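The values are calculated or read from the model by the stated rules, or taken from the named source; none is laboratory data. All figures in this text were calculated on a predicted structure; none of them were measured in a lab. Neighbour counts are summed over all protein chains in view; Cβ atoms, including those assigned to glycine, are modelled from backbone coordinates with ideal geometry. Just so you know, the surface numbers come from the protein's heavy atoms only, side chains and all, with ligands and any DNA or RNA stripped out. Shrake-Rupley method; radii C 1.70, N 1.55, O 1.52, S 1.80 Å.
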Amino acid sequence: MSDSILDIQNLSLSFQGLTETVDVLDNINLSINRGERVALVGASGSGKSVIARIILGLLQSQKGAIVKGSVRFRGIELEAATGNQIESLRGREISMIFQDPTSSMNPVYKIGTIFHEILNRGTHNISKKLALIKASKLLEEVSITEFKRVLESYPFQLSGGMNQRVMIALALANKPALLIADEPGTALDVTVQAQTLKLMHNLVKKNNTAVLFISHNLGVVRQFADRVYVIYKGRIVESGSTSSIFENTKHPYTKALMNAVPKITSKSFFDASDDSSLFKQPAFHHKDREIGQ
Amino acid sequence: MKLKIKILLANPLSVMGLLLISLVFGSAIFADFITPFPLHKGAVVDFSNFNQAPNLTNIMGTDLVGRDLFTRIIYAFRISIMLGVVVLIISVPIGVFMGLLAGYSGGKLDFVLMRITDVFLSIPPLVLAMAVMGLLEPTLLNGMLAVTAMWWPWYTRLIYNLTRSEKEEGYVVAAEVVGASRWHVMFREILPNCTHAIITKMTLDFGFVILIVSSLSFLGLGVQAPTPDLGSMVAEGARYLPDSWWLTVFPGLAILIIVFGFNLVGDALRDMMDTDS
């Protein structure tokens, strides 16, 4: 297991409400190896994004969130790690791409300044000049040729697709070992999304970056990921290599998910089923727990 | 930016505000050169022509000890501006820092800081200032202190609310994700997004600070004689109304010009910043 970058074991999460606790995640096991692209697929509200937030340690500090289980990054138990340790991991070893690229950048700073700040986290006291040269190279890698103009622009002056590419460049600026992409480009239109995902795919392959790709778009997942985890109502119901999941679907929820993919050729709305008792039967692990508890 | 200035200049009211402010600042800076009797700012007595109505030598008349009122008003501008600047320079950073800290930290710190702020906000400003002045000696410095003590909570409240909403923005989460420290997030990410509100409020407040300080002086708790101050000038003259009307009318007009000017510019700035989105 020395090859494992991220290892999540028996992770469960619940939120303490005023009168009751709400279980959000139940016994999640997930691991990502070096340079591997892993997708986490599930419907809205199934608990995909909270997993990302837990990995980054954003949720643990929140009032009412009860996190159990272990999250190991390169063998370091994140729960036990000190605040400083986590802060030094974030941005250098782990980085993240968000759903909405435009709102994820501070509107008062120019792209060049944002790059300077991010690169400063990787290499301390990097000069602005050097940072801008590095930034131009990074922008070139995401197919932005007019990097001079982009670096001089504010985030709101660029288009969504452009910002998305800037986001990717920013996220990969410090050559992180793990990139968490939380539904990247959901706020963008399909063509732009496809373009940027292709770019991201090539880049992470080149840098050998492991990716946790969180999405509900099965088409994208199929092209992007090596391995897929399917999550339903806070439980991982099926996992396996992309080809096995797509060609040899075992779990009824995964099947329903596949059927729900809209087809261009179909004439009517697809029949999306949700909440079948069958879905709650995990295809694997959860051995130690009774179903339905 | 050029466009913004164009918008500002397109509104006649903002231009008027700018003109009024420049008039006040300009005359305060060059007071020594434009006033006819610069010596009259201090304790000068000229009983031979006391309480004169406006005439050619003393365009705004003279006060009860024969000093030129115009000269004293121009010098009073200096004091007023200095008071406004000092009060804001001290109270704004305190208020902003408290607001940022409470808004971003949340939890117990939020509760404690905001309740302290609420206590200050619940006391009528003039009463609080009067209490402070009553406890301490009524000097210029204590006047500033008193007004400062009542001014910062408004900024805390403003920045607190802004921080609470900015905190949920994507860029704040993004900064936290790349490992930015809480101070970095507070001062480099959230604060720059609040500056427009701070600047606008400061501009509007400048006039109000001057007004409050004048009120204190009017009550005899602010700037003490012989330093020229608009509030105390009005107070002195009030006893001789309506016969010696110039003693109150001109200083009163001077207060009006300052407050009105800053209000106009503050409104203009607010409109200007609003077009951001």
TODO: With runs of 4+ DSSP H residues as the only contributors, calculate the mean residue ellipticity of the protein assembly as shown at 222 nm using -39,500 (n - 2.57) per run, divided by the residue total and rounded to the nearest 500.
DONE: -16500 deg cm²/dmol
Task: Long-range amide H partners of A:Ala39 with built H, under 5 Å - done: A:Phe213, A:Asp226, A:Arg227, A:Val228, A:Tyr229
Open item on the list: Within chain B, what whole-number % of the accessible surface is contributed by carbon and sulfur, with the 1.4 Å probe and all protein chains included in the calculation?
Closed with: 72
Task: Cβ-placed point charges (K, R +1; D, E -1), dipole of the protein assembly as shown about Cα centre in debye, nearest 20 - done: 1660
- [ ] Scan chain A and report its longest stretch carrying no chymotrypsin sites (Phe, Trp or Tyr not before Pro) that are both in a DSSP loop and have at most 13 other Cβ atoms within 10 Å.
- [x] A:1-268
- [ ] Starting from the Cα coordinates of the protein assembly as shown, work out the convex hull volume and express it per residue in Å³.
- [x] 214
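Please give the average number of partner chain Cβ atoms lying within 10 Å of the Cβ of each residue in B:176-186, rounded to a whole number. Intermediate results must be reported in sequence, preceding the final value.
Details: counts 8, 16, 17, 15, 6, 3, 2, 0, 1, 0, 0.
The mean count of partner-chain Cβ atoms within 10 Å per residue comes to 6.
For the range B:221-277, compute the orientation-averaged projected area of the C-alpha convex hull (one quarter of its surface), in nm². If you can, show how the numbers build up before the last one.
Working: hull surface 21.1 nm².
Value for the range B:221-277: 5.3 nm².
Please sort B:27-36, A:254-263, A:161-170 by packing, taking for each peptide the average over its residues of neighbouring beta carbons within 10 angstrom, highest first. Kindly include the intermediate steps, with their values, before the conclusion.
Details: B:27-36: 14.1, A:254-263: 15.6, A:161-170: 25.8.
Ranked by mean Cβ neighbours within 10 Å, highest first: A:161-170, A:254-263, B:27-36.
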Open item on the list: Using only the Cα atoms of the range B:8-68, what semi-axes does the equivalent ellipsoid have when each is the square root of 5 times a gyration tensor eigenvalue? Give whole Å, largest first.
Closed with: 32, 13, 8
Open item on the list: Between 0 and 90 degrees, rounded to the nearest ten: what's the tilt of helix B:125-135 against the longest Cα principal axis of chain B?
Closed with: 70
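Express the Stokes-Einstein translational diffusion coefficient of the range A:165-232 in µm² s⁻¹, to the nearest whole number, given a Kirkwood radius over alpha-carbon pairs, 25 °C and a viscosity of 0.890 mPa s.
On the way: Rh = 12.4 Å.
In µm²/s, the coefficient is 199.
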Open item on the list: Counting protein heavy atoms only and a 1.4 angstrom probe, how many square angstrom of accessible surface do chains A and B bury in total, to the nearest 100?
Closed with: 1400
TODO: Would you be so kind as to identify which of B:Phe70, A:Ser104, B:Met186 lies farthest towards the positive end of the dipole of the protein assembly as shown, taking Lys and Arg as +1 and Asp and Glu as -1 on Cβ and the Cα centre as origin?
DONE: A:Ser104
Task: P(r) weight above 33 Å for chain A, C-alpha pairs, percent - done: 26
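Could you list the trypsin sites (Lys or Arg not before Pro) in the range B:195-270 that lie in coil according to DSSP, counting only those with at most 15 other Cβ atoms within 10 Å of their Cβ?
Details: sites: B:Lys201, B:Arg239, B:Arg270; in loops: B:Arg239.
Hits after loop and neighbour filter: B:Arg239.
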- [ ] Note down, for the range B:135-209, the three equivalent ellipsoid semi-axes (square root of 5 times each alpha carbon gyration tensor eigenvalue), biggest first, whole angstrom.
- [x] 33, 13, 9
TODO: Any chance you could get the radius of gyration and Dmax over the Cα atoms of the range A:104-191, in Å?
DONE: 12.5, 39
- [ ] Would you be so kind as to identify which of A:Pro184, A:Leu18, A:Ser159 lies farthest towards the positive end of the dipole of chain A, taking Lys and Arg as +1 and Asp and Glu as -1 on Cβ and the Cα centre as origin?
- [x] A:Ser159
Task: Of B:Lys6/B:Lys201; A:Lys110/A:Lys137; A:Lys110/A:Lys134; A:Lys48/A:Lys250; A:Lys137/A:Lys175, pairs whose Cα-Cα distance is over 19 Å - done: B:Lys6/B:Lys201; A:Lys48/A:Lys250
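Expressed as cubic angstrom per residue, what is the convex hull volume of the alpha carbon set of the range A:33-132? Spell out each step's value before the answer.
Numbers: hull volume 15.8 nm³, N = 100.
Taking the convex hull of the Cα positions in the range A:33-132, it is 158 Å³ per residue.
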Task: Surface per residue (accessible, 1.4 Å probe) for the protein assembly as shown, Å² - done: 48
Task: Cross-link reach list, aspartates and glutamates versus A:Lys263, counting only Cα pairs under 19 Å and skipping chain neighbours closer than eight places - done: A:Asp189, A:Glu247, A:Asp271, A:Asp274
Task: Cα-based Kirkwood hydrodynamic radius, chain B, one decimal, Å - done: 20.6
Task: Whole-number D in µm² s⁻¹ for the range A:146-198, Kirkwood Cα-pair radius fed into Stokes-Einstein, 37 °C, 0.692 mPa s - done: 274
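Taking the Cα centre of the range A:55-102 as origin, sum charge times position over the Cβ atoms of Lys and Arg (+1) and Asp and Glu (-1), and report the length of that vector in debye to the nearest 20.
With Lys and Arg at +1 and Asp and Glu at -1, about 100 debye.
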Open item on the list: Please check the range A:110-148 for residues whose accessible area, probe 1.4 Å, is lower by 10 Å² or more when all protein chains are in place than in their chain alone.
Closed with: A:Glu117, A:Ile118, A:Arg121
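What does the charge dipole of the range B:69-276 about its Cα centre add up to, to the nearest 20 debye, if the Cβ of each Lys and Arg holds +1 and the Cβ of each Asp and Glu holds -1? Don't jump to the answer; show the numbers that get you there.
Working: 12 positive and 16 negative charges, 76 e Å.
About 360 debye.
Hey, what does the equivalent ellipsoid look like for the range B:178-245, semi-axes from the Cα gyration tensor as sqrt of 5 times each eigenvalue, largest first, whole Å?
Square roots of five times the eigenvalues give 45, 12, 7 Å.
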- [ ] Could you please state how large a percent of the accessible area of chain A is carbon and sulfur, counting protein chains only and using a 1.4 Å probe?
- [x] 51
TODO: Amide H neighbours of A:Gly69 under 5 Å, at least 5 residues apart or on other chains, H built in the peptide plane: list them.
DONE: A:Ser12
